[in-house]
Amino acid sequence: MSKRVSTRSFDELEKERYFYHGVVLEVYDGDSITIELDLGLNISVSVKLRLADIDAPELRGKERPQGLVTRDRLREMILNSDVFVKTIKDRKGKYGRLIATVWAEDEVGVYYNVNDFLVKSGLAKPYLGRKKS
């Protein structure tokens, strides 16, 4: 292979395989959104996503007040915004939503991990794969 040709391993290419651009259409709660994903070739699809690796407070029950705060902050951050999404091998969770990490652009043009932001700012907890107690 010529030294002027860019090369990448299968594993490197596979990591980007489930990476999309889209516009956030709806924020249901602190970890569930609807997004219009651009699949390329003038093809787009509206899908429901669950933010990966986080557990946001629920909108029902005793968590409701904090759930509303988290949902509203997420709306401020990404509703009607262009974002990038990395789905987990297009796997769906138990409620039929794709599991994804979302990146949004900040005021200086740098993309940040929305999922991590919610956890680090105390609006959500890390999801450890267990049921709530």
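Of the residues that make up the stretch 65-88, is at least one loosely packed, with under 12 Cβ neighbours inside 10 Å, modelled with pLDDT under 95 and not in a strand (DSSP E or B)?
Taking every residue of the stretch 65-88 in turn, at least one turns out to be loosely packed, with under 12 Cβ neighbours inside 10 Å, modelled with pLDDT under 95 and not in a strand (DSSP E or B).
In this structure, does residue 123 turn out to be at pLDDT 95 or above, surrounded by 12 or more Cβ atoms within 10 Å (Cβ to Cβ), more than 13 Å from the chain's Cα centre (by Cα) and of a type in the set (A, V, I, L, M)?
Taking the combined requirement at face value, the residue satisfies it.
Where the second residue is of a type in the set (D, E, K, R) and loosely packed, with under 12 Cβ neighbours inside 10 Å and the first is touching a residue at least 40 places away in the same chain (Cβ under 8 Å) and part of a strand (DSSP E or B) and lies in the stretch 36-49, which pairs have Cβ atoms under 8 Å and are six or more apart or on separate chains?
Close Cβ pairs (under 8 Å, with a partner that is of a type in the set (D, E, K, R) and loosely packed, with under 12 Cβ neighbours inside 10 Å) do not exist here.
A quick yes/no check of all residues on (1) surrounded by 10 or more Cβ atoms within 10 Å (Cβ to Cβ); (2) under 14 Å from residue 82 (Cβ atoms); (3) at pLDDT below 95:
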site: 2; (1), (2), (3): no, no, yes
site: 6; (1), (2), (3): no, no, yes
site: 16; (1), (2), (3): no, no, yes
site: 27; (1), (2), (3): yes, no, no
site: 38; (1), (2), (3): yes, yes, yes
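The values are calculated or read from the model by the stated rules, or taken from the named source; none is laboratory data. What you see is a predicted model; the values in this text were computed from it and never measured. Cβ coordinates were reconstructed from backbone atoms using ideal geometry, including for glycine residues, and neighbour counts include every protein chain displayed.
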